[in-house]
Amino acid sequence: MEIGKGLSDLGPDGTRECERCGLPMMPVAESDGLVTLECANRHRHTVPLPSDLAGRERVRTWIMRRGAQLHVQHERWEAEEEYQRAMEKKEPRLIRPSDRHQQTGQTAGMIREEAVRTEGLWVGVVRTEAGRSSSWHHHGGHESVIYVIAGQVHLECGPGGQTRFHAREGDCIFLPPGEIHREGNDGLEESEIVVVRSGRGELVVNVAGPAA
């Protein structure tokens with residue numbers, strides 16, 4: 001999804017932050033003096049090609065690296081399509097950690113890995129570094145259950161984000177559809193949670209802040 005042209009320049013490393021979701025955007029293509037950037041959520045942004053030689057080389061290195069990774073990405077897409085076909089047929093399936101993937105809606109400050117997705121159901125694992133908090137978001141028409149596997153999780157929600165839960169290993173948190181919230185990690189180690197969502201529509205909707 002294209003989100004603008006030339007709104008700001010690239011950073012010193014040849015990347016920039018996505019204005020929609022806050023994730024890093026990397027150069028993926030160059031054409032007619034413009035650079036196309038893309039983040040993990042597949043949001044796209046176009047900026048002018050840097051005028052200095054070093055900047056242009058950084059951009060072209062990112063693009064070459066992206067090209068070298070495409071064959072790996074295609075193999076993953078093929079595996080995901082095979083997996084999705086099996087899930088659509090409702091066949092039993094063993095999902096190992098290596099089968100999980102990040103080609104799902106992401107929110108800055110955390111990493112989501114999808115394990116199962118069928119019509120009406122999503123299951124995955126989410127990790128948050130110590131001392132980090134996610135951006136504000138909600139999950140559309142899905143209701144969610146969070147189960148803490150490891151570490152500590154604090155969750156802010158409700159009007160103005162004033163409702164707060166502090167969960168630890170073995171605890172669960174329930175979130176109704178459309179509940180704007182953000183998750184953080186108060187502990188000293190990375191937190192890990194299992195999330196189960198049930199519903200229809202967009203899985204992840206990133207927003208500027210909590211409802212009043």
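Which count do you get for residues in segment 139-183 that are within 17 Å of GLY109 (Cβ to Cβ) and surrounded by fewer than 15 Cβ atoms within 10 Å (Cβ to Cβ)?
Count: 1.
Residues in segment 189-205: is at least one open to solvent by 20 Å² or more (accessible area, probe 1.4 Å), under 30 Å from GLU80 (Cα atoms), modelled with pLDDT under 95 and assigned to a strand (DSSP E or B)?
Within segment 189-205, one or more residues are open to solvent by 20 Å² or more (accessible area, probe 1.4 Å), under 30 Å from GLU80 (Cα atoms), modelled with pLDDT under 95 and assigned to a strand (DSSP E or B).
Give all pairs with beta carbons closer than 8 Å in which a residue from segment 49-66 that is closer than 9 Å to VAL35 by Cβ and open to solvent by less than 80 Å² (accessible area, probe 1.4 Å) meets a residue that is of a type in the set (A, V, I, L, M) and assigned to a helix (DSSP H, G or I); count only pairs at least 6 apart in sequence or on separate chains.
These pairs meet every condition: LEU49/VAL59; PRO50/VAL59.
Based on this model, can you work out whether VAL205 counts as more than 13 Å from TRP136 (Cβ to Cβ), touching a residue at least 12 places away in the same chain (Cβ under 8 Å) and of a type outside the set (Phe, Trp, Tyr)? Show your work before the answer.
Working: more than 13 Å from TRP136 (Cβ to Cβ): no; touching a residue at least 12 places away in the same chain (Cβ under 8 Å): yes; of a type outside the set (Phe, Trp, Tyr): yes.
Here the answer is no, as VAL205 does not meet what is asked.
Give the residue that is modelled with the lowest pLDDT, with candidates limited to residues of segment 178-188 that are in contact with a His (Cβ under 8 Å, 6 or more places away or on another chain) and part of a loop (DSSP other than H, G, I, E, B).
ASP186
Looking only at segment 1-43, which residues are over 19 Å from ASN206 (Cβ atoms), assigned to a strand (DSSP E or B) and modelled with pLDDT under 75?
Hit for segment 1-43 is LYS5, nothing else.
Can you tell me which residues in segment 16-27 are of a type in the set (A, V, I, L, M, F, W, C) and open to solvent by 30 Å² or more (accessible area, probe 1.4 Å)?
MET26
Do you know which residues across segment 24-53 are more than 14 Å from ASP9 (Cβ to Cβ) and hydrophobic (A, V, I, L, M, F, W, C)?
Of everything in segment 24-53, those that are more than 14 Å from ASP9 (Cβ to Cβ) and hydrophobic (A, V, I, L, M, F, W, C) turn out to be MET26, VAL28, ALA29, CYS39, ALA40, LEU53.
So which residues in segment 82-129 are assigned to a strand (DSSP E or B), without any contact (Cβ under 8 Å) to a residue 40 or more places away in the chain, among the charged types (D, E, K, R) and open to solvent by 20 Å² or more (accessible area, probe 1.4 Å), if there are any at all?
Those that are assigned to a strand (DSSP E or B), without any contact (Cβ under 8 Å) to a residue 40 or more places away in the chain, among the charged types (D, E, K, R) and open to solvent by 20 Å² or more (accessible area, probe 1.4 Å): GLU113, ARG117.
The values are calculated or read from the model by the stated rules, or taken from the named source; none is laboratory data. Here the structure is a predicted model, which means the values were calculated and not measured. Every residue, glycine as well, gets a Cβ built from its backbone with ideal geometry; the counts of neighbours run over all protein chains shown. Accessible surface areas use protein heavy atoms only, side chains included; no ligands, DNA or RNA. Shrake-Rupley method; radii C 1.70, N 1.55, O 1.52, S 1.80 Å.
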